[in-house]
Amino acid sequence: MSKISITPNASGTGVFTISSPATNTNRTLTLPDEAGTVLTSASSIPTSALTGNIIQNAGPAFSAYRSGTQAYSSNTFTKIQLNTESFDTNSCYDSTTNYRFTPTVAGYYICTGQIQTSAGTYIETDIYKNGVSHGYTQVSGAWGIPVTQLIYFNGSTDYIELYAFITTSGNIAAGFATYFYAAMVRSAT
């Protein structure tokens, strides 16, 4: 039987140590709770003791969609104006002016967007980072398709926007068929 020890350092993160005990009698897992009380396998462990930076990710996340249709011109890259937020955990998404996500925490984010339209023989959905296409998905036909990218943000000036290129003039669909979201998956360190 192995023994697992968690030793917190000055920043509050823990170091895990696994070692074999001299005998097979040590079967207690000991964790400090938020107040510093020692919890053992015989204790009643509150849910609050199981959360924190080890399990939870404190990085920004948002989800936005179109509340109404948006007209676009054919054969032109058009910024999609996702003007309704489902959520925005750190107020990093601008849903009124620039329609962009500028996270305030450096790290790696999973970013996904989709447009839906009833017109077009060629549709391209792009995620732009700092004004330049960072990844796209294209289809033939009158529908939309999602684009997903894992993107690094510096936590201050980097931003993303959703764009579309469609061969026939028309309208971007409203509601949850046209959406954009991102969530931090790993810090920069």
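Every residue, every condition in (1) modelled with pLDDT of 95 or more; (2) out of contact with any Pro (no Cβ under 7 Å at 6 or more places or on another chain); (3) under 17 Å from residue 166 (Cα atoms); (4) among the charged types (D, E, K, R), yes or no:
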| site | (1), (2), (3), (4) |
| --- | --- |
| 48 | no, yes, no, no |
| 61 | yes, yes, no, no |
| 100 | yes, yes, no, yes |
| 103 | yes, no, no, no |
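Here is a check on your reading of the model: is residue 68 among the small types (Gly, Ala, Ser) and closer than 13 Å to residue 178 by Cα?
Yes, satisfied.
So is residue 123 touching a residue at least 60 places away in the same chain (Cβ under 8 Å), out of contact with any Pro (no Cβ under 7 Å at 6 or more places or on another chain) and farther than 18 Å from residue 188 by Cα or not?
no
Which residues, counting only those in segment 118-142, are aliphatic (A, V, I, L, M), modelled with pLDDT of 95 or more and surrounded by 14 or more Cβ atoms within 10 Å (Cβ to Cβ)?
Passing the criteria: only 127.
Those residues that are in contact with a Ser or Thr (Cβ under 8 Å, 6 or more places away or on another chain), over 26 Å from residue 171 (Cβ atoms) and surrounded by 15 or more Cβ atoms within 10 Å (Cβ to Cβ), I need them from segment 91-107; list them, please.
Selection gives 92, 102, 105, 106, 107.
Looking at segment 61-83, which of its residues are within 18 Å of residue 102 (Cβ to Cβ) and either not in a loop (DSSP other than H, G, I, E, B) or not assigned by TED's automatic domain parsing to the domain that holds residue 152 (or both)?
61, 62, 63, 64, 79
For the list (1) outside any loop (DSSP other than H, G, I, E, B); (2) farther than 22 Å from residue 83 by Cβ, I need the number of the one condition that residue 124 fails.
Just one mismatch for residue 124, condition (2).
Could you say which residue among 115, 80 is modelled with pLDDT of 95 or more, surrounded by 14 or more Cβ atoms within 10 Å (Cβ to Cβ) and under 18 Å from residue 172 (Cβ atoms)?
80
Do you know which residues across segment 87-112 are over 11 Å from the mean Cα position of the chain (by Cα) and either farther than 12 Å from residue 61 by Cα or of a type in the set (A, V, I, L, M) (or both)?
94, 95, 96, 97, 98, 99, 100, 105, 106
Within segment 153-168, is even one residue at pLDDT 90 or above, over 19 Å from residue 64 (Cβ atoms), among the hydrophobic types (A, V, I, L, M, F, W, C) and surrounded by fewer than 14 Cβ atoms within 10 Å (Cβ to Cβ)?
No, segment 153-168 has no match at all.
Hey, can you tell me all the residues within segment 138-189 that are part of a loop (DSSP other than H, G, I, E, B), within 19 Å of residue 83 (Cα to Cα) and hydrophobic (A, V, I, L, M, F, W, C)?
173, 174
Restrict the check to segment 158-167 and report whether at least one residue is touching a Gly at 6+ places or on another chain (Cβ under 8 Å) and of a type in the set (S, T, N, Q).
yes
The values are calculated or read from the model by the stated rules, or taken from the named source; none is laboratory data. What you see is a predicted model, and the numbers here were worked out from it, not measured in a lab. Note: ideal-geometry Cβ built from the backbone for every residue, glycine included; neighbour counts use all protein chains shown.
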